[in-house]
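No value in this document is a laboratory result; all are computed from the given coordinates. Computed from a predicted model, the values in this text were never measured in an experiment. So basically every Cβ, Gly included, is an ideal-geometry build from the backbone, and we count neighbours across all protein chains shown.
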Amino acid sequence: MSFDPDTVRAFEHAGWEKAAGDYAATFARASGEFLDALLDAGRVGRETRVLDLCCGPGLAALAAAARGAAASGLDFSPKMLELARANGPALRFDQGDAEAIPLASASVDAVVANFGIHHVPRPERAAAEAFRVLRPGGRFAFTTWAVPSENIAWKLLFDAIRAVGDPDAAKTPPSGGNLGAPEAVLRLLDAAGFADAHAALVRREWRLARPQALLASLRRGTVRTAALIDAQPSSSLPAIEAEIARAALPYRHGDGYAIPIVAVLGVGVKPR
């Protein structure tokens, strides 16, 4: 299937509208582990004017506001924005496109995006827009998921599907992201004109009561991965779940599981 940005946008939009209701109770438990590192990279503190780009339910904006920042959010999903506004009624959350941010140039001190940029059809346009709305000296910080070979949570799922399912079952449009390695993130930042750009792996753990919750969380709280799970023959799902449970045994921790998850954290500075 050839890459078409409008097709990718429609696919992502429909997926996040569907996932919104379950996101906080499922996948946010993984993505939320990286919020402090993200805000630290953006140097978000008291009175920082910060935009939470691709904000979803507004978790980064809320965490920024808790630091005393003047935070706002932008997302393309009305259902995600409903959650954000309910979670942070004192904050401003607008519907819009990350490739065409509805803010004036040089109007914010920081732009942060927690696992949103790789869902944008053309991440290079989102990065260019982040550059535009930042004041000189402002910082753009964002996270993306590292490749499955680094990310045990996804490796458990994909290995199980390869073993007892169909890895080619989903006919999803190709991603515009491909930002799973630090080198790719650096190229994006450099191309947008950011200075002092750097990218590094950040390692955390996803705490789950039982390994079967991994499959349920990825199915209910993601888009592209959920499409792969939903495309599996229903008869294969119990075997996939059992294979995940077997392979997850080394990550047993107390009365639950601590599954390693890894992000690429990129940050760049707009030159003065």
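Hey, what D do you get for the range 37-85 in µm²/s if you plug the Kirkwood alpha-carbon radius into Stokes-Einstein at 10 °C and 1.306 mPa s? Could you put the intermediate results ahead of the total?
Details: Rh = 10.6 Å.
Estimated via Stokes-Einstein, D reaches 150 µm²/s.
For the range 1-66, run through the chymotrypsin sites (Phe, Trp or Tyr not before Pro) and keep only the ones in DSSP coil with at most 13 other Cβ atoms within 10 Å of their Cβ.
Within the range 1-66, the qualifying chymotrypsin sites (Phe, Trp or Tyr not before Pro) (loop, at most 13 other Cβ atoms within 10 Å) are Phe3.
Residue by residue through the range 44-52, which ³J(HN,Hα) values in whole Hz follow from phi under the Karplus form 6.51 cos²θ - 1.76 cosθ + 1.60 (θ = phi - 60°), with glycine and proline marked x?
With coefficients 6.51, -1.76 and 1.60, one gets 7, x, 4, 6, 5, 7, 10, 9, 8 Hz.
Which percent of Cα pairs goes in each bin when the distances of the chain are cut into 10 angstrom slices starting at zero?
Pairs per bin, as whole percents: 7, 30, 36, 20, 6, 0.
Sorted by mean Cβ packing within 10 Å, highest first, what order do the peptides 53-64, 119-130 take? Kindly include the intermediate steps, with their values, before the conclusion.
Values: 53-64: 26.3, 119-130: 23.2.
Packing order, densest peptide first, comes out as 53-64, 119-130.
Once the piece of chain linking Ser107 and Asp168 is laid out straight, how much longer is it, given 0.36 nm per residue of separation minus the C-alpha distance between them?
Values: separation 61, 0.36 × 61 = 21.96 nm, distance 4.44 nm.
17.5 nm is the gain from fully extending Ser107 to Asp168.
Give me D for the range 159-202 in µm² s⁻¹, whole number, from Stokes-Einstein with Rh from the Kirkwood sum over alpha-carbon pairs, 25 °C and 0.890 mPa s.
Working: Rh = 13.2 Å.
Result for D is 186 µm²/s.
Taking one equal scatterer on every alpha-carbon of the range 1-40, how large is log10 of I(q)/I(0) by Debye at q = 0.19, 0.21, 0.23, 0.24 1/Å?
So the normalised log intensities are -0.72, -0.77, -0.79, -0.80.
Quick one: pull the percentage of alpha-carbon pairs in the range 30-188 with a separation above 20 Å. Provide the component values of the computation, followed by the final result.
Numbers: 6474 of 12561 pairs.
Counting every Cα pair in the range 30-188, those more than 20 Å apart make up 52 percent.
Please state the Cα pair-distance histogram of the range 108-220 with 5 angstrom bins from zero: what percent is in each bin?
P(r) for the range 108-220, in whole percents per bin: 2, 10, 17, 20, 17, 13, 10, 7, 3, 1, 0.
For the range 131-177, what value does the Rg/Rh ratio take when both radii are computed over Cα atoms and Rh is the Kirkwood radius, given to two decimals? Could the numbers behind the result be given before it?
On the way: Rg = 17.2 Å, Rh = 14.0 Å.
Result: Rg/Rh = 1.22.
Tell me the label-point distance for the pair His198, Arg46, using the 7 Å Cα-to-Cβ offset, in nm and rounded to one decimal.
2.7
Pull up the cross-link candidates among the lysines for Lys18, meaning alpha carbon to alpha carbon under 30 Å and not fewer than 8 places away within one chain.
Lys79, Lys155, Lys171
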